[in-house]
Amino acid sequence: MRPGAADAQVRAPIRRLAMVPEPLPGEVFHSWFFRLAEHHRTSATVMAEQLGLPPFTVHRYTIGDEFVDLTTGGYAVENLRDATGLRAQALAAMLLAPVGSRVVKVGWKDRTERAPWIWRTDTASVCPRCLVDPEAAWQVSWHLLPTVACPKHRIYLHGWCPDCRSPISIGTTTAYRRQCNGPFGPKGRIVGAKACRRPLAQLREIPVRRDRILQLQQELTSRLSAQVPGEDLQDRKEFWNLYELLFRLVICLGTPDMLPLATTDAEIWWAFHEFCELRDVVALTAGRNAKVIHDDLASFQPGPRLSAAAMLAIDELSHGRGLADAIRTFMNLRRYDEWADILWSVFSDMRPTFAIGQRILQIAGSKPRRSYDSPPYAKERLEDFDLPPAALLLAGEGLL
Ligand SMILES: [Zn+2]
Ligand SMILES: [Zn+2]
């Protein structure tokens, strides 16, 4: 090797800013950006100008697709490196864009969205113990729906503020890292309402007593960011497609007895139980108000405790089998519920573009992937499958 070649590789770029805090392990970009602004005692607007970045918006600074997309904003990477010495790889590690966007396309709400359902973009779940730290760094993982607990402190994350009863969200000043930025409604920040400012580090600690949820969280988040050996891109897309369908079914139509008693913490069981009660009451109540509450309830992305319940229920339903089998089991479990018909039709009316019914029928009628040594499949008709009559309401006319 030529003398100096190694030097050139390791030499850090020249910094323009004097004080640049190092990104902490797992830290998300907006958190680091606001720590930088805090060290410089300046606002997000001035900081963005000094760094040569486009103006701060929560979506832009959390997802970061405009920072790495060469056609719209590739300059941002270079400007940042010149101003702070931050390498492109370190920047990419702090953004959501590389995590799961190739395998999950559909958003949580019933409209076209840039963000896949697996992301929490402008709202996030936080660990109160992690926020006691003076730097109060937010993690990339807090923006992922399957992250429901802090593995370091072994407590469940909080996605909602108990004071203003709104999702914990990212603000435009650095205060959001330590204090609630609410109130926040289903359509975004409630403009004009009194600011909540509850200290996030003081949120109640809910201990994780049963390890299964931490394992599930680990498995799912690594499926999003890294490839499981032997699994190609198509397999990964198929896995997440089925997982999304099942996750939606459990949140919108699941019952607490789907939760495995041996691996579910009591807090999670109760949270899901209360949620199901409320959801069914508003779904079965006539009138406009009930419909508005039901729509609000279903349009929020599930918080960490509800997500934990859904993950545990899916784990129980698919125990030792595939996700397609879990969907069949789910349909059978709901079969004898006297209210199922009404709940199904409320659910399908509410979210027509997700085509839940058609997808369930496709899965129920689908055959496992054909391998060379398996015999040819017998012809099967949809009537041969053991589908609950309520599920057929979802299928729409003309399909059967
Ligand atoms: Zn923590
Ligand atoms: Zn609040």
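The values are calculated or read from the model by the stated rules, or taken from the named source; none is laboratory data. These figures come from a predicted structure and were not determined experimentally. Cβ: placed from backbone, ideal geometry, glycine included. Neighbour counts: every protein chain shown.
Observations, loosely collected:
- Considering E238, E231, the condition of being part of a loop (DSSP other than H, G, I, E, B), more than 16 Å from ligand 1 (Cβ to nearest atom) and without any contact (Cβ under 8 Å) to a residue 60 or more places away in the chain is satisfied by E231 alone.
- Test: V77 is in a loop (DSSP other than H, G, I, E, B), in contact with a helix residue (DSSP H, G or I) (Cβ under 9 Å, 6 or more places away or on another chain), of a type outside the set (D, E, K, R) and farther than 24 Å from I268 by Cβ: no
- Search result, residues across region 191-200 that are surrounded by 14 or more Cβ atoms within 10 Å (Cβ to Cβ), over 22 Å from the mean Cα position of the chain (by Cα) and either more than 10 Å from ligand 2 (Cβ to nearest atom) or under 17 Å from V132 (Cα atoms) (or both): R197, R198
- Restricting attention to region 119-138 and to residues that are surrounded by 22 or more Cβ atoms within 10 Å (Cβ to Cβ) and assigned to a loop (DSSP other than H, G, I, E, B), the residue that is farthest from ligand 1 (Cβ to nearest atom) turns out to be R120.
- Scan region 176-188 for residues that are more than 16 Å from ligand 1 (Cβ to nearest atom), buried (at least 18 other Cβ atoms within 10 Å of the Cβ) and under 20 Å from the mean Cα position of the chain (by Cα) and the total you get is 5.
- Residue match in region 210-225 (condition: in a loop (DSSP other than H, G, I, E, B), surrounded by fewer than 19 Cβ atoms within 10 Å (Cβ to Cβ) and not assigned by TED's automatic domain parsing to the domain that holds N332): yes
- Residues of region 288-337 classified as farther than 17 Å from A271 by Cβ and more than 20 Å from the chain's Cα centre (by Cα), total: 27
- Boolean, G100 is touching a helix residue (DSSP H, G or I) at 6+ places or on another chain (Cβ under 9 Å), surrounded by 19 or more Cβ atoms within 10 Å (Cβ to Cβ) and on the phi > 0 side of the Ramachandran plot: yes
- The one condition in (1) part of a loop (DSSP other than H, G, I, E, B); (2) more than 16 Å from ligand 2 (Cβ to nearest atom) that S141 fails to fulfil: (1)
- Among the residues of this structure, V28 counts as one that is buried (at least 21 other Cβ atoms within 10 Å of the Cβ), closer than 22 Å to T173 by Cβ and away from ligand 2 (no atom under 16 Å from the Cβ).
- The set of residues in region 214-236 being more than 15 Å from the chain's Cα centre (by Cα) and either of a type in the set (S, T, N, Q) or at pLDDT below 90 (or both) consists of Q215, A226, Q227, V228, P229, G230, E231, D232, L233, Q234, D235, R236.
- All of T172, T147 fail the test of being part of a loop (DSSP other than H, G, I, E, B) and in contact with a Phe, Trp or Tyr (Cβ under 7 Å, 6 or more places away or on another chain), apart from T172.
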